[in-house]
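This report concerns only the one structure given below.
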Amino acid sequence: MSRTARKTCSIQAGVTPNRRQAISGTAAILKVLAEPTRLQIVYRLQHTGPATVSALAQELGRPITVISYDLSYLREVGLVAMKPRGKFREYSIHPDVLRGDELAFGCCRFKTCAK
């Protein structure tokens, strides 16, 4: 067995199923946030507050279709919440994720940059 394989086995052996699930969930979130527009959306919602798709598209200089598509991914992993407001939908950081100036999800917490 190679040195790398031994390290991987020992790391996996020490991780409980619940912790492994949390790590997998965090990896999925980080994968979604690896796309710059999605990261900009999260930053914007955290620092400025809730917004509609059209407001986000205008502020970020991206087409509405792109913002809508990215918001669907952010909702899927639980980073963003949506509330219907008449004929519009307002998006915000999911309350379970936001803790002060930190984003907390899965096994990790991330302190965000200042404005």
Segment 39-104: Rg to Rh, with Rh as the Kirkwood radius over Cα pairs:
0.94
Once amide H atoms are built 1.01 Å from N in the peptide plane, which residues 5 or more positions from R89, or in another chain, come under 5 Å H to H?
V53
Residue list for segment 31-56, given a label point 7 angstrom along the Cα-to-Cβ vector of I64 and an amide N cut-off under 13 Å
52-56
Highest average packing first - 83-95, 67-79, Cβ atoms within 10 Å
67-79, 83-95
What is the extension gain from N18 to R75, computed as 0.36 nm multiplied by their sequence separation minus the C-alpha to C-alpha distance, in nm to one decimal?
18.3 nm
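Taken together, the values in this text are just the output of simple stated rules run on the coordinates, not laboratory data. What you see is a predicted model; the values in this text were computed from it and never measured. With ideal geometry, Cβ positions are generated from the backbone for all residues, glycine too; neighbour counts draw on all protein chains shown.
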